[in-house]
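Heads up: the structure comes next, in structure tokens.
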Amino acid sequence: MRTALVTGATSGIGHAFCHELAERGNDLVIVARHRARLENVSDELRARYSVNVEILAADLSNRAQLQRVADRLADRDRPVNLLVNNAGFVTGKSFLKGDLADEEAMLDVLCRAVLVLSHTAARSMRERGRGHIINVSSVAGFVPMGTYGAAKGWCTAFTQSLAHELAGSGVSATALCPGFTHTEMQERSNVDMSRLPKVMWLEADQLVRDCLDDVKAGKVLSVPGVPYKLIAGIAEVAPRALVRALSGRAAALRRRKR
Ligand SMILES: NC(=O)c1ccc[n+]([C@@H]2O[C@H](COP(=O)([O-])OP(=O)(O)OC[C@H]3O[C@@H](n4cnc5c(N)ncnc54)[C@H](OP(=O)(O)O)[C@@H]3O)[C@@H](O)[C@H]2O)c1
């Protein structure tokens with residue numbers, strides 16, 4: 001890896017990716033909506049690791065702004081060797097109570113942006129015969145629970161299918177499927193997670209290191225933490241009717257609390 005493009009680089013998991021990749025000597029292209037925060041991250045990375053950092057302020061739910069990021073990935077003179085599709089958010093509302101516009105924006109960022117950027121990056125990486133794509137999905141994608149989980153289920157399935165298509169090309173695709181991680185996401189969505197047992201919380205720095213090890217080992221799915229490896233494993237082998245019944249019950253409990 002030499003240059004990595006990370007979306008959602010200003011906070012949480014994306015920010016942890018930037019630090020880990022810069023520490024390993026990679027130059028970075030960092031993407032998020034708020035320029036001032038991007039500039040702070042850029043200053044921090046340049047000062048600490050002496051790497052080059054390029055800023056791209058873009059709202060990935062906006063088609064024209066997303067295209068600017070895709071154009072950067074397609075630039076043959078400045079190749080990007082690693083794409084981390086990480087930007088994301090959760091509406092924090094049940095489907096019928098929330099605004100459709102918020103749902104559409106979430107789908108655009110969690111799915112459409114991942115589709116468009118993966119398409120551009122995979123084509124140019126395949127031309128060069130090397131590169132990596134990491135799509136930050138979620139363990140929520142293994143169970144049918146809300147539109148966020150549905151979008152992440154798409155992300156995981158899409159990444160696995162992309163990995164098939166890229167097999168033998170020198171380019172890899174990995175879906176990172178974390179569980180609850182200490183980031184700004186919970187505050188932004190106003191979801192109260194105070195009752196979640198400590199053992200279920202992940203730390204962004206550690207899961208990023210584990211994910212990069214998984215990429216190196218050629219894994220298509222990276223599920224960090226023992227509890228989530230178990231949940232993902234059970235959800236994959238249990239009868240769908242049972243998974244549906246259990247997730248339906250959990251979703252009803254969550255709806256009652258909101
Ligand atoms: N935290 C968890 O428990 C958890 C669990 C599983 C999966 N994930 C996934 O991990 C990824 C990162 O989440 P996080 O927890 O690190 O969240 P976070 O701390 O809230 O960071 C989200 C990042 O995405 C950027 N972003 C949000 N909306 C954007 C948009 N429309 N266009 C461009 N950038 C946008 C934000 O910057 P701006 O606001 O400046 O745009 C920020 O840099 C997401 O895909 C999330 O679904 C998180």
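The values are calculated or read from the model by the stated rules, or taken from the named source; none is laboratory data. Remember, predicted model here, so these are calculated numbers, not experimental data. FYI the Cβ positions are ideal-geometry reconstructions off the backbone, even for glycines, and counts take in every protein chain you see. To get the accessible areas, we keep the full protein, side chains included, count just its heavy atoms, and leave off ligands, DNA and RNA. Shrake-Rupley method; radii C 1.70, N 1.55, O 1.52, S 1.80 Å.
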(message) Looking at the structure I just gave you, is Ala217 under 30 Å from Thr120 (Cβ atoms), open to solvent by less than 90 Å² (accessible area, probe 1.4 Å) and modelled with pLDDT of 95 or more?
(response) yes
(request) Would you check which residues across the stretch 104-123 are more than 8 Å from the ligand (Cβ to nearest atom) and open to solvent by less than 20 Å² (accessible area, probe 1.4 Å) and list them? (result) Met106, Cys111, Val114, Leu117, Ser118, Ala121, Ala122
(message) Regarding the stretch 195-209, can at least one residue be identified that is of a type in the set (S, T, N, Q), within 16 Å of the ligand (Cβ to nearest atom) and within 25 Å of Met125 (Cβ to Cβ)?
(response) no
(request) Quickly run through the stretch 1-20 and pick out the residues that are on the phi < 0 side of the Ramachandran plot, part of a loop (DSSP other than H, G, I, E, B) and within 16 Å of the ligand (Cβ to nearest atom). (result) Ala9, Thr10, Ser11
(message) On the basis of being open to solvent by less than 40 Å² (accessible area, probe 1.4 Å) and either more than 23 Å from Ser161 (Cα to Cα) or of a type in the set (D, E, K, R) (or both), does Gly248 make the cut?
(response) yes
(message) It is to be established whether one or more residues within the stretch 134-154 are surrounded by fewer than 15 Cβ atoms within 10 Å (Cβ to Cβ), in contact with a strand residue (DSSP E or B) (Cβ under 8 Å, 6 or more places away or on another chain) and closer than 22 Å to Asp210 by Cα.
(response) no
(request) Just give me the residues in the stretch 155-169 being out of contact with any strand residue (DSSP E or B) (no Cβ under 8 Å at 6 or more places or on another chain) and either assigned to a helix (DSSP H, G or I) or closer than 22 Å to Phe17 by Cα (or both), in sequence order. (result) Ala157, Ser161, His164, Glu165
(request) Just name the residue that is surrounded by the fewest Cβ atoms within 10 Å (Cβ to Cβ) out of those in the stretch 49-80 that are within 11 Å of the ligand (Cβ to nearest atom) and within 18 Å of Gly14 (Cα to Cα). (result) Ala57
(request) Would you point out the residue of the stretch 21-31, among those that are assigned to a helix (DSSP H, G or I) and buried (at least 18 other Cβ atoms within 10 Å of the Cβ), that is nearest to the chain's Cα centre (by Cα)? (result) Leu21
(message) Just to be sure before I move on: is Arg188 within 19 Å of Val31 (Cα to Cα), in contact (Cβ under 8 Å) with a residue 40 or more places away in the chain and open to solvent by 20 Å² or more (accessible area, probe 1.4 Å) in the structure I sent?
(response) yes
(request) Please note which strands (runs of 3 or more DSSP E) are completely contained in the stretch 47-144 and include at least 3 residues that are farther than 30 Å from Arg240 by Cα. (result) 53-57, 82-85
(request) May I ask you to say which residue of Val41, Val69, Val80 is β-branched (Val, Ile, Thr) and under 24 Å from Glu203 (Cβ atoms)? (result) Val41
(message) For the stretch 32-48, check the following and say yes or no: at least one residue is open to solvent by 50 Å² or more (accessible area, probe 1.4 Å) and in contact with a helix residue (DSSP H, G or I) (Cβ under 8 Å, 6 or more places away or on another chain).
(response) yes
(message) If I go through the stretch 75-104 residue by residue, how many of them are closer than 23 Å to Val29 by Cα and aliphatic (A, V, I, L, M)?
(response) 5
